[in-house]
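Following: one structure in C-alpha cells, then a few remarks.
The values are calculated or read from the model by the stated rules, or taken from the named source; none is laboratory data. Everything quoted here is computed from the prediction, not taken from an experiment. Reconstructed Cβ throughout: ideal geometry from the backbone, glycine too, with neighbour counts over all protein chains shown.
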Amino acid sequence: MKQVVAFLKAVADETRLRILKLLMDGEFCVCELMDALEVNQSNLSRHLSVLKNAGLVTDRKDGLWVYYTVTKEAKPVVKMLLTRLGNLDTERTQRDHQRLQQRLAMRTNGKCLLGAGRLPPSPKFRRR
C-alpha cells in the first residue's frame, strides 16, 4: 500500500510529470534538467527525491555530476501513464524538450559541464 501511495504522490504534480516526460528520453544531469525545466536546484532535487522514493527514477554519480533516468522497471509503467493521461505535449513540455536539446548540445565528450552554458530564461516562463 505504501508503494502505491508513493507512486500516486509522485505523479500527482505537474513538475514531476514534466521531469518524467524528459527522463523517458534518456539520462540527464541535474544541471541539464534545471536548465530545461527552468527550476532551481533545491526545487528540482526535492521533486527528484519524491520520484526516486517512489521507485520511478534512479541516479548515477559521475564525479561532481549526478545523472537521473527512469528505472528499467518503471519505464513501461511511466510510458503507459503518460500515454493514458492524454496529450501532454503542451507548449510548456515542448519548450522543456527544446531547452533540453539546446543544453545537451553543450556537452563535451557526452558529459555535462557543471555550470557551463546556462541557458537564458524563456520570456514567457521567466522566474519571478
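Can you pull out the residues in segment 1-20 that are under 21 Å from ARG118 (Cα atoms) and either crowded, with 20+ Cβ neighbours inside 10 Å or not polar (S, T, N, Q) (or both)? Lay out the reasoning, then the answer.
If we filter segment 1-20 for residues that are under 21 Å from ARG118 (Cα atoms), which is where we start, we get 15, 18-19.
Once the filter is applied, which keeps residues that are under 21 Å from ARG118 (Cα atoms) and either crowded, with 20+ Cβ neighbours inside 10 Å or not polar (S, T, N, Q) (or both), segment 1-20 yields ARG18, ILE19.
Within segment 81-101, the set of residues being within 15 Å of the chain's Cα centre (by Cα) and surrounded by 12 or more Cβ atoms within 10 Å (Cβ to Cβ) comprises LEU82, LEU88, ARG92, THR93, ARG95, ASP96, HIS97, GLN98, ARG99, LEU100. In the condition set (1) assigned to a helix (DSSP H, G or I); (2) at pLDDT below 90, ARG118 is compliant with all but (1).
Quick check: anything in segment 71-90 in contact (Cβ under 8 Å) with a residue 24 or more places away in the chain, of a type in the set (Asp, Glu) and farther than 30 Å from LYS2 by Cβ? So far as segment 71-90 goes, no, none of its residues is in contact (Cβ under 8 Å) with a residue 24 or more places away in the chain, of a type in the set (Asp, Glu) and farther than 30 Å from LYS2 by Cβ. Consider segment 59-80 and keep the residues that are at pLDDT 90 or above and assigned to a loop (DSSP other than H, G, I, E, B). The one that is surrounded by the fewest Cβ atoms within 10 Å (Cβ to Cβ) is LYS72. With respect to the stated conditions, LEU51 fails to be under 22 Å from THR90 (Cα atoms), of a type outside the set (Val, Ile, Thr) and in contact (Cβ under 8 Å) with a residue 60 or more places away in the chain. Screening ASN43 against (1) surrounded by 12 or more Cβ atoms within 10 Å (Cβ to Cβ); (2) more than 22 Å from LEU8 (Cβ to Cβ) leaves a single unmet condition, (2).
Among residues of segment 106-119 that are farther than 14 Å from ASP62 by Cα and of a type outside the set (A, V, I, L, M), those with a Cβ under 7 angstrom from a residue that is modelled with pLDDT of 75 or more and in a loop (DSSP other than H, G, I, E, B), sequence gap 6+ or separate chain, pair up as GLY117/MET106.
Scanning segment 18-47 for residues that are within 14 Å of ARG95 (Cα to Cα) and among the hydrophobic types (A, V, I, L, M, F, W, C) gives ILE19, LEU22, LEU33, MET34, ALA36, LEU37, VAL39. With respect to LEU48, is the statement that it is closer than 24 Å to GLY110 by Cα, assigned to a helix (DSSP H, G or I), touching a His at 6+ places or on another chain (Cβ under 8 Å) and modelled with pLDDT of 95 or more true? Criteria not met by LEU48.
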